[in-house]
Amino acid sequence: QMNKVNLKNVFAITLRDAGKLALVDGDTHEIWKILDTGYAVHISRLSASGRYVYTVGRDGLTTIIDMFYEEPTTVATVRLGSDARSVDTSKFKGYEDKYLIGGTYWPPQYSIMDGLTLEPIKVVSTRGQTVDGDYHPEPRVASIVASHFKPEFLVNVKETGKTMMVDYSDLNALKTIEIGSAQFLHDGGWDSTKRYFMVAANNSN
């Protein structure tokens with residue numbers, strides 16, 4: 001680390017319409033750096049190591065910001081699609097930051113990439129049946145989080161109402177468990193223990 005900022009106390013704040021991200025030093029309450037990102041960043045995720053901030057914008061642009069430089073610096077970008085809303089990195093021991101997963105509204109799919117270079121490795125369509133048994137041609141990817149206890153990503157598919165447990169331990173033989181949740185899946189996250197995942201369903205109260 002080439003700076004003395006306490007990286008455990010940094011806020012990432014979306015400047016939505018400007019297409020920028022503000023990093024604020026939580027110790028001094030001062031803006032550390034404002035960086036260009038994708039338009040209307042929807043989410044920022046911290047890497048397992050605490051070194052990187054990953055963002056994804058509504059325009060599908062994903063960025064990696066390296067906070068070890070004297071000033072935070074964007075070191076890689078990739079465009080996942082034309083509309084995106086969630087990313088996360090692998091968190092399970094031995095896989096820390098090895099993979100990045102990003103989900104898009106269009107095309108309806110998720111992509112698994114190299115966590116440091118953003119080189120695409122695997123692209124998986126989310127088209128399929130809803131929890132009610134109807135076929136949906138364009139089910140969008142909503143929230144994504146990485147498990148801390150297994151080499152898995154939780155991918156929530158909005159219109160189908162399904163939560164997918166994606167096992168990334170062998171990308172050449174990708175294993176996925178589908179859990180019927182509820183329509184339409186939206187934002188979600190871990191409880192404090194990271195054992196339980198909670199997600200809101202917009203169409204199901």
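The values are calculated or read from the model by the stated rules, or taken from the named source; none is laboratory data. These numbers come from a predicted model, not from an experiment. Note that each Cβ is placed from the backbone with ideal geometry, even for glycine, and that neighbours are counted across all protein chains shown. The protein model used for the area step is the full one, side chains on, heavy atoms only, and it has no ligands, DNA or RNA in it. Shrake-Rupley method; radii C 1.70, N 1.55, O 1.52, S 1.80 Å.
Can you give me the number of residues within segment 112-122 that are open to solvent by 90 Å² or more (accessible area, probe 1.4 Å) and either β-branched (Val, Ile, Thr) or modelled with pLDDT under 95 (or both)?
Total meeting the criteria: 1.
Has segment 91-101 got at least one residue that is exposed (fewer than 14 other Cβ atoms within 10 Å of the Cβ) and part of a strand (DSSP E or B)?
no
Restricting to segment 11-28, and then to whatever is of a type in the set (A, V, I, L, M, F, W, C) and open to solvent by 10 Å² or more (accessible area, probe 1.4 Å), can you tell me which residue is farthest from TYR52 (Cα to Cα)? Break it down stepwise before answering.
Going residue by residue through segment 11-28, those that are of a type in the set (A, V, I, L, M, F, W, C) are 11-13, 15, 18, 21-24.
In the following step, the residues that additionally are open to solvent by 10 Å² or more (accessible area, probe 1.4 Å) were identified as 11-13, 15, 18, 24.
On the way: PHE11: 13, ALA12: 11, ILE13: 15, LEU15: 19, ALA18: 22, VAL24: 14 Å.
Looking at residues that are of a type in the set (A, V, I, L, M, F, W, C) and open to solvent by 10 Å² or more (accessible area, probe 1.4 Å), I get ALA18.
Please find, within segment 175-198, the residue that is farthest from THR89 (Cα to Cα) out of those that are open to solvent by less than 50 Å² (accessible area, probe 1.4 Å) and among the aliphatic types (A, V, I, L, M).
Ranking the qualifying residues of segment 175-198, first place goes to ALA182.
Please find, among LYS150, LYS158, LYS175, the residue that is under 21 Å from ARG58 (Cα atoms) and either of a type in the set (D, E, K, R) or touching a helix residue (DSSP H, G or I) at 6+ places or on another chain (Cβ under 9 Å) (or both). Spell out the reasoning first.
Values: LYS150 fails: under 21 Å from ARG58 (Cα atoms); LYS175 fails: under 21 Å from ARG58 (Cα atoms).
That would be LYS158, the only listed residue that is under 21 Å from ARG58 (Cα atoms) and either of a type in the set (D, E, K, R) or touching a helix residue (DSSP H, G or I) at 6+ places or on another chain (Cβ under 9 Å) (or both).
Does segment 55-67 contain any residue that is in contact (Cβ under 8 Å) with a residue 60 or more places away in the chain and in a loop (DSSP other than H, G, I, E, B)?
Yes, segment 55-67 contains at least one residue that is in contact (Cβ under 8 Å) with a residue 60 or more places away in the chain and in a loop (DSSP other than H, G, I, E, B).
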